[in-house]
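The values are calculated or read from the model by the stated rules, or taken from the named source; none is laboratory data. These numbers come from a predicted model, not from an experiment. Virtual Cβ from ideal backbone geometry, glycine too; neighbours counted across all protein chains shown. SASA here: full protein model, heavy atoms, side chains in, ligands and nucleic acids out. Shrake-Rupley method; radii C 1.70, N 1.55, O 1.52, S 1.80 Å.
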Amino acid sequence: MGTDDAYAELGLAAGATDHEIKAAWRRLVSQWHPDRNSSPQAVARMQRINLAFELLRQGIEAEARPQPKAEPAPASRPAHTPPPPEPPRPAWHIERKLKLSLEQAAAGGRMVLRGRHVERCEACEGLGYRHSPRPCEHCHGAGRIGQRNWFGWVTGFETCGHCEGDGLARLECEACNGQGELGRCRYEIAVDLPSGLRHGEELNLSAGGTHGDRLKLHVMLREHPLFRLDPDGTLHCEMPVDGFLWMANRWIEVPTLGGMQQLRLDRRHLRYRLRGQGYPKTHGGPRAHYIVDVKPLFPAQFTREQEKLIERLAASQQHPPGSPMHEWRRRFEGWKGKQG
Ligand SMILES: [Zn+2]
Ligand SMILES: [Zn+2]
């Protein structure tokens, strides 16, 4: 491919700027990348696009390189020179788990993922070779080789190291040069997560960069020590409370996804609904309700001190005429008088 052909391949006029070359290449990659384009020409077209890009970029690099001078200049790169592009390669597919706390998943937002990736060769399924229909030359297809002792007698067998026992000749995989992998890297990728991800969901995202790399995330929500989540986003918390405070309609602190909050107990109720304080109903959607079930706890046995206080409490109760207790006592005394 000549320089003129390279310009034509990228749909550019001769002498296009570095910026124009990059922009054209990115646009064509997004159009012709075999991951996105299923047409049978996609692979060949993609190779020509990358070749043209490399060729033109090499030309520009050569022009931009400073001429040697008598006085060596400081070895710093001029600020306006962009870093050399990475050589074109097929897109990689990074796949990993994404473990989130319930609080993180409820909030969503930006997260930086770091790790190592090995891009497995799919052509040979990571083995580095293909099987040939011919038998292995080393063991003649037997898969094992006789071990001979000192006198030359066969005393046992060992697995053939060339075919690893299957007896078939192996051909080196051309796609990966027998490596079983196409490359490896350490990555650091910033992802923007929607709020309200569910356990077991899969996210398919761009991994950034110019190679069309993809990132597949398997979402896992960590078990929460306090909350339980319903599929519709309703959040539950079961909470023991002091029975005396519950009796007295006191304020208590309850945990929520957004931190601690005050809740007024009401001795007529065990269940409290905090509207819109649950988990997002959908990705980025409004929040479902948060339900707190309280379990008032009383001592199994009252202390002597508590007994005295309870007697004082009971004695302090007023039952004015017309109250249910006053009415009951009136009827009860009447009935008792007739019993003789
Ligand atoms: Zn063999
Ligand atoms: Zn391979």
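Check CYS185, CYS237 and return the single one that is surrounded by 15 or more Cβ atoms within 10 Å (Cβ to Cβ) and not charged (D, E, K, R).
Selected residue: CYS237, the only one of CYS185, CYS237 that is surrounded by 15 or more Cβ atoms within 10 Å (Cβ to Cβ) and not charged (D, E, K, R).
Restricting the first member to region 127-140 and to residues that are among the hydroxyl-bearing types (Ser, Thr, Tyr), and the second to residues that are within 8 Å of ligand 2 (Cβ to nearest atom), the beta-carbon pairs closer than 8 Å and six or more apart or on different chains are TYR129/CYS173; TYR129/GLY178.
So that you can scan it fast, the table gives a plain yes or no per residue for (1) near ligand 1 (Cβ under 8 Å from one of its atoms); (2) surrounded by 14 or more Cβ atoms within 10 Å (Cβ to Cβ); (3) over 30 Å from ILE94 (Cα atoms):
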{"residue": "ARG134", "(1), (2), (3)": "no, no, yes"}
{"residue": "GLU137", "(1), (2), (3)": "yes, no, yes"}
{"residue": "ALA142", "(1), (2), (3)": "yes, yes, yes"}
{"residue": "GLY146", "(1), (2), (3)": "no, no, yes"}
{"residue": "PHE151", "(1), (2), (3)": "no, no, yes"}
{"residue": "GLY156", "(1), (2), (3)": "no, no, yes"}
{"residue": "GLY161", "(1), (2), (3)": "yes, no, yes"}
{"residue": "GLU172", "(1), (2), (3)": "no, no, no"}
{"residue": "GLY180", "(1), (2), (3)": "no, yes, no"}
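With the requirement that a residue be more than 28 Å from the chain's Cα centre (by Cα) and hydroxyl-bearing (Ser, Thr, Tyr), what does region 25-58 give you? SER39, the sole residue that qualifies.
Do we have any residue at all in region 192-204 that's open to solvent by 100 Å² or more (accessible area, probe 1.4 Å), over 30 Å from GLY284 (Cα atoms) and more than 16 Å from ligand 1 (Cβ to nearest atom)? Looking through region 192-204, none of the residues is open to solvent by 100 Å² or more (accessible area, probe 1.4 Å), over 30 Å from GLY284 (Cα atoms) and more than 16 Å from ligand 1 (Cβ to nearest atom). Considered as a group, the residues in region 106-153 that are of a type in the set (A, V, I, L, M, F, W, C) and within 13 Å of ligand 2 (Cβ to nearest atom) include one that is nearest to GLU188 (Cα to Cα), and that residue is VAL118.
On the basis of being part of a helix (DSSP H, G or I) and either among the basic types (Lys, Arg) or surrounded by fewer than 13 Cβ atoms within 10 Å (Cβ to Cβ) (or both), does ARG267 make the cut? Talk me through it step by step, then tell me what you get.
Details: part of a helix (DSSP H, G or I): no; either among the basic types (Lys, Arg) or surrounded by fewer than 13 Cβ atoms within 10 Å (Cβ to Cβ) (or both): yes.
Considered against the rule, which asks whether it is part of a helix (DSSP H, G or I) and either among the basic types (Lys, Arg) or surrounded by fewer than 13 Cβ atoms within 10 Å (Cβ to Cβ) (or both), ARG267 comes out as no.
Only one of the numbered conditions (1) touching an Asp or Glu at 6+ places or on another chain (Cβ under 8 Å); (2) within 16 Å of ligand 2 (Cβ to nearest atom); (3) among the aliphatic types (A, V, I, L, M) is violated by LEU217, and that is (2). Is there any pair with a first residue in region 233-261 that is under 22 Å from LYS281 (Cα atoms) and assigned by TED's automatic domain parsing to the domain that holds GLU103 and a second that is open to solvent by less than 30 Å² (accessible area, probe 1.4 Å) and in a strand (DSSP E or B) whose Cβ atoms are under 6 Å apart and which are 6 or more apart or on different chains, and what are they? Short answer, once both residue conditions are applied: none.
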